[in-house]
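Working notes, beginning with the structure itself.
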Amino acid sequence: MPTATASGSFLLGGDLEVRRLGFGAMRLTGPGITGRPADEDTARAVLRRAVELGVNHVDTADAYGPDVNEELIAEALHPYPDDLVIATKGGLVRTGGSGDWPKDGRPEHLKEACEGSLKRLKIDRIDLYYLHRPDPNVPYEQSIGALKELRDEGKIRHVAVSNVNMERLAVARGIVDIAAVQNQYSLTDRRAQSVLDECEQNGIGFVPWAPLDAGALEAGGPVEQVAERHGATPLQIALAWLLHASPAMLPIPGTGSLQHLEENIAAAEIELSAEDMSALDALGNLAG
């Protein structure tokens, strides 16, 4: 069975070496990312299998569940392997309906959210902590400043940001070192290309969310053709393309299925040719 080791490694924040292919735990919740999953045993088994297969970068957030996702990670994996990096986020709250994700970037909320994550994950310091999304009602400098204070207090090892443009990334970097950026990015959605380029140039990890963009992979199109040449699935090719697209790229595909987990990990061993990359790169031009 292939392992995540084949994806290579990246040094987050200059001192945390992670395999470039990680695991996004968001799907290990109930419908609408709310409540506990219907099959908790399988959810925990998926987390344990991901680590068995060499994954040492697991991504979550307090808003997933809410709280449930972090609790499941602790249930499945604590006490954690020495090299396991758990990334979580604060700044979104869940107040009711499954589609309701209000932003709260107030410093007092972020500090409270961080404390909650520490308790649920059963750790003294969070390796990588993201501001989940900018809050238009709170100056961005105040939100990032709160994360810097948490880092200075030793509750966060590295600060990260999510859903940012170039301007906000520059503001954040002017306040504190940023170890990672998490933005939407995939074969067919490259709106964050300039942010990716900036990350690559400055040794910042770029974590693409919605990395597989399954609904946008056209049947019979270039992705399927490349997949047939490699005896792979279109989703595996989309994942392999991400790993080939930038050395700073740290995909975190998520799934609640052991089979799909193993398929995703196997994508780390797919070697795309120059011809493959040319055909797949062109999809970004079509999407734009």
Practice task
Note down all Cβ pairs under 7 Å where the first residue falls in the stretch 1-30 and is farther than 22 Å from Ile237 by Cβ, the second is among the hydroxyl-bearing types (Ser, Thr, Tyr) and open to solvent by 50 Å² or more (accessible area, probe 1.4 Å), and they're at least six residues apart or on different chains.
Solution key: Glu17/Ser9; Val18/Ser9
Exercise for the section: Return yes or no: is Gly174 farther than 27 Å from Ala113 by Cβ and open to solvent by 30 Å² or more (accessible area, probe 1.4 Å)? Expected result: no
Fill in the blank from the handout: Scanning the stretch 204-229 residue by residue, those touching an Asp or Glu at 6+ places or on another chain (Cβ under 8 Å), of a type outside the set (Lys, Arg), surrounded by fewer than 18 Cβ atoms within 10 Å (Cβ to Cβ) and farther than 30 Å from Val159 by Cα turn out to be Ala216, Glu218, Glu224
Exercise for the section: Specify the residue that is nearest to Val195 (Cα to Cα); the eligible residues are those in the stretch 251-269 that are crowded, with 21+ Cβ neighbours inside 10 Å and in contact with an Asp or Glu (Cβ under 9 Å, 6 or more places away or on another chain). Expected result: Ile252
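Being part of a strand (DSSP E or B), modelled with pLDDT of 90 or more and not charged (D, E, K, R) is true for just one of Val207, Val223, Val195. Which residue is that?
After applying the criteria, what remains is Val207.
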Practice task
Report, by residue number, each residue of the stretch 163-192 that is outside any strand (DSSP E or B), touching a residue at least 60 places away in the same chain (Cβ under 8 Å) and farther than 30 Å from Pro234 by Cα.
Solution key: Asp177
Practice task
Among the candidates Ala113, Ala87, Ala76, Ala38, single out the residue that is outside any loop (DSSP other than H, G, I, E, B) and over 21 Å from Arg151 (Cβ atoms).
Solution key: Ala76
Completion exercise
Checked Ala76, Ala50 against criteria (within 17 Å of the chain's Cα centre (by Cα) and of a type in the set (Gly, Ala, Ser)); the one match is Ala50
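Consider the stretch 116-146. How many of its residues are of a type in the set (Lys, Arg) and either open to solvent by less than 60 Å² (accessible area, probe 1.4 Å) or not in a loop (DSSP other than H, G, I, E, B) (or both)?
Of the residues in that region, 2 qualify.
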Exercise for the section: For Ala160, state whether it is in a helix (DSSP H, G or I), open to solvent by less than 70 Å² (accessible area, probe 1.4 Å) and either among the small types (Gly, Ala, Ser) or over 19 Å from Gly105 (Cβ atoms) (or both). Expected result: no
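The values are calculated or read from the model by the stated rules, or taken from the named source; none is laboratory data. None of the values given here were measured: they were computed from a predicted structure. Ideal geometry is used to build each Cβ from the backbone, glycine not excepted, and the neighbour counts take in all protein chains shown. Please note that ligands, DNA and RNA were not included when accessible areas were found on the heavy atoms of the full protein model with its side chains. Shrake-Rupley method; radii C 1.70, N 1.55, O 1.52, S 1.80 Å.
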